[in-house]
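Every read-out reported here was derived from the displayed coordinates using simple, explicitly stated rules and does not represent laboratory data. Note that this is a predicted model, so its numbers are computed, not measured. Cβ: placed from backbone, ideal geometry, glycine included. Neighbour counts: every protein chain shown.
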Number of protein chains: 2
Amino acid sequence: MLPPVSTPIELPVYQPHPPERADAARNRRRILAAAERLFAERGVAQTSMDAIAAEAGVGKGTLFRRFGDRASLALAVLDEKDRQFQDALLHGPPPLGPGAPPCARLRAFGEAMLDRLEENLDLLLDAQTAAGNYLRSEPYSALWLHVRLLVQQARPDCDADYTTDVLLGALTAPVFAHQRKARGMDLDRLKAGYADLVDRLMTAPIRAGVS
Amino acid sequence: MLPPVSTPIELPVYQPHPPERADAARNRRRILAAAERLFAERGVAQTSMDAIAAEAGVGKGTLFRRFGDRASLALAVLDEKDRQFQDALLHGPPPLGPGAPPCARLRAFGEAMLDRLEENLDLLLDAQTAAGNYLRSEPYSALWLHVRLLVQQARPDCDADYTTDVLLGALTAPVFAHQRKARGMDLDRLKAGYADLVDRLMTAPIRAGVS
DNA sequence: ATCGCGAACGGACTTCGGTCCGGTTCATGG
DNA sequence: CCATGAACCGGACCGAAGTCCGTTCGCGAT
């Protein structure tokens, strides 16, 4: 039990970003602004990369140089939008922020994430549809570490890595979209379901035998 | 508590498939064979739809007419490969098949699914990377109903729909790929984690309060 | 102020998934 | 055996993602 924390291949090395050139910074801002605008006015799925480049007054090559691919751009736009969410987690008031017991924080986290999904579903779908590259992204890693820490505090006797994956897997954009749209489950039901999930995972008897 | 089973928009109507024309059937077989061959010999990701059409000696239009899109083709190929898995679930020996207690069947199901993921990861990644169209597919629905039934039997006092999503969410191709490749978790650890997940979800105290 | 270099730029180009539509083929009724 | 129309075929075509590479330009050094 309790397998070691695996840091298998590459741990997140500090990247000393050689300082960004002035025009590069300008273009990055332009691109993000253009993307945000177009996403808002005609929908994420209806917006091509060419259109964003044009709207930003920038070549396509520049766009891809800075953001790599469509999913990463979506992620970057999203990142701007919920930077506040990011540090509500770290420095905000309880129960989302520090100060509340870990279980309560996990529940609050789920609720906040579900609201976020409801709010930015298109963007999140786009960002997560790169066949798992999303799971390697920096924003996801941050969420993962956050949850993992809480899990470890609340339930030191389980495989925290795995449990974290389960909890975050339940807050995935495609799953959420399906629950919400195809099955018509409403937001409150999902919140209740998640809260119950946390409860059950965190309060279950230790290593229950077969049933 | 216990929200009603939602059958929101369209329930699966029986489609009386007007009988398939001879040439159509022949081409479908050719395409599946070609796809399987190319996937095997040069990898799923490296195989374009054009290449499959060419290998099958068939026009591109035909390919897309029969399978709709890339993900669906992957799913069809997969379906051929694990038809046996499908009915091991329904008619095979316990604990996978009927006869064992639901909890045991859920654990066996997870183990089998993980083996399946290990075996056909590329194919499954491809099939599931259609931004959630996979979740509407027939094979997925079958798995979902299977798990849902077991959940309901093992734990009649919870939101079975939601719990089912959680259990299947933990067996998703992108998550599996990330656990396996990026984090280097081995298969046994995942199996243990899933079994423990089932245990915790099914044996947790009823409606535990806050902690 | 000038120079030189490497990073940044941008748009033509390639690739590939997916659609369209005119021509062909299969199955059925006469 | 033939007429007929529905279903099917195939490849030209399209739009969008992502790459390439010759050109430009910011910026530290002289």
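What aspartates and glutamates could a cross-link reach from B:K191, if we take a straight Cα to Cα line under 14 Å and drop same-chain neighbours fewer than 8 places away? Of all the aspartates and glutamates, those that pass the test against B:K191 - Cα under 14 Å, at least 8 places apart if same chain - are A:D159, A:D161, A:D165, B:E111, B:D115, B:E118, B:D199. Pairs of C-alpha atoms in the range B:75-203 farther apart than 16 Å represent 62 percent of all such pairs. Averaging 1/r across all pairs of distinct Cα atoms in the range A:138-211 and inverting the result yields a Kirkwood radius of 13.6 Å. The mean sequence separation of alpha-carbon pairs under 8 Å and at least six residues apart, normalised by the residue count of the range B:107-211, gives a relative contact order of 37 percent. Distances between copies of A:G59, taken at a point 7 Å out from Cα along the Cα→Cβ vector and listed shortest first: 4.0 nm. For the protein assembly as shown, the 222 nm mean residue ellipticity estimated from helices alone, with every DSSP H stretch of n ≥ 4 adding -39500 (n - 2.57) and the total spread over all residues, rounds to -19500 deg cm²/dmol.
Find the Rg to Rh ratio for the range A:122-176, where Rh is the Kirkwood radius over alpha-carbon pairs and Rg uses the same atoms. Mind dumping the intermediate values first?
Values: Rg = 12.0 Å, Rh = 11.8 Å.
Using only Cα positions, Rg/Rh for the range A:122-176 is 1.02.
Our summary gives chain A a relative contact order of 20 percent, counting only alpha carbon pairs under 8 angstrom and 6 or more residues apart. Considering the options B:A182, B:L201, B:H91, tell which one lies farthest towards the positive end of the dipole of the range B:75-203, charges being +1 on Lys and Arg and -1 on Asp and Glu at the Cβ, about the Cα centre. Going by the Cα projections, it comes out as B:L201. Rg over Rh for the protein assembly as shown works out to 0.97, using Cα positions for both radii and the Kirkwood form for Rh. Sorted shortest first, the separations between the A:A33 label point and its copies elsewhere in the assembly read 6.0 nm; each point sits 7 Å from Cα along the Cα-to-Cβ line. Taking the three principal axes of the alpha carbon atoms in the range B:20-117, the coordinate ranges are 50, 32, 19 Å, sorted in descending order. Its residue count N sets the reference 2.2 N^0.38 Å, and the alpha-carbon radius of gyration of the range B:47-86 equals 1.24 times that reference.
What is the magnitude of the charge dipole of the range A:123-190 about its Cα centre, with +1 placed on the Cβ of each Lys and Arg, -1 on the Cβ of each Asp and Glu, and no other charges, expressed in debye to the nearest 20? Walk me through the numbers before you get to the answer.
Working: 7 positive and 8 negative charges, 49 e Å.
I would put it at about 240 debye.
Given Cβ point charges of +1 (Lys, Arg) and -1 (Asp, Glu) and nothing else, what value in debye, to the nearest 20, does the dipole of the protein assembly as shown about its Cα centre take?
Details: 52 positive and 54 negative charges, 101 e Å.
Using only the charged Cβ atoms, the result is roughly 480 debye.
Along its three principal directions, the equivalent ellipsoid of the range B:22-68 from the Cα gyration tensor extends over semi-axes of 18, 11, 8 Å, largest first.
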